[in-house]
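Below: one structure, written as structure tokens.
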Amino acid sequence: TLFQSSQRARPASMKIPLNKFPGFAKPGMEQFLLTKQLVKSKEKFPIIIGDYGPMWTYPATTFDCVVADPKKGTKMYGLKSYIEYQLTNTSTNRTANHRYKHFDWLYERLLVKFGAAIPIPCLPDKQV
């Protein structure tokens, strides 16, 4: 019939990815800092009226990490150098190495997102 032949002639729908640059997608914390998302109820911190005005109540658990062991690394057969630091999560003792530019990027994002609400300390100079 005419109806069946028109259904077969219709092309299949294609899903087009919205992210044209999948290599630049930022997972986890980077995504939170780069996007404006609604906060989930379990991630909200209540605000109370303190002696000097409104203030956040502090969470029961804290996240601490130690930044140590700066060392100079190279890439491109020694043509470019960078400073790398070792981060250690104090609760799990897991370590990760990050370059100074990663801290610089994080500092800039924190300033943009929270700079008016909380004081953010400056980064120290690069050390080796």
Discussion item. I'd like the accessible area for residue 101: 1.4 Å probe, protein heavy atoms, all chains in place, Å² to the nearest 10.
Written reply: 110 Å²
Worksheet, complete the sentence: Ranking 76, 55 from most to least accessible area with a 1.4 Å probe gives 76, 55
Discussion item. What is the sum of charges, Lys and Arg at +1 and Asp and Glu at -1, for the other residues whose Cβ falls under 13 Å from the Cβ of residue 72?
Written reply: +3
Fill in: Globularity ratio of the range 78-126, using Cα Rg and 2.2 N^0.38 Å
1.39
Fill in: Lysine pair count for the range 56-125 [Cα-Cα under 19 Å; pairs on different chains or 8 or more apart]
7
Fill in: Protein-only accessible surface order, largest first, of 56, 105 at 1.4 Å
56, 105
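The values are calculated or read from the model by the stated rules, or taken from the named source; none is laboratory data. What you see is a predicted model, and the numbers here were worked out from it, not measured in a lab. As a convention, Cβ positions derive from the backbone with ideal geometry for all residues, glycine included, and neighbour counts pool all protein chains shown. The area values use the complete protein model at the heavy-atom level, side chains included, leaving out ligands, DNA and RNA. Shrake-Rupley method; radii C 1.70, N 1.55, O 1.52, S 1.80 Å.
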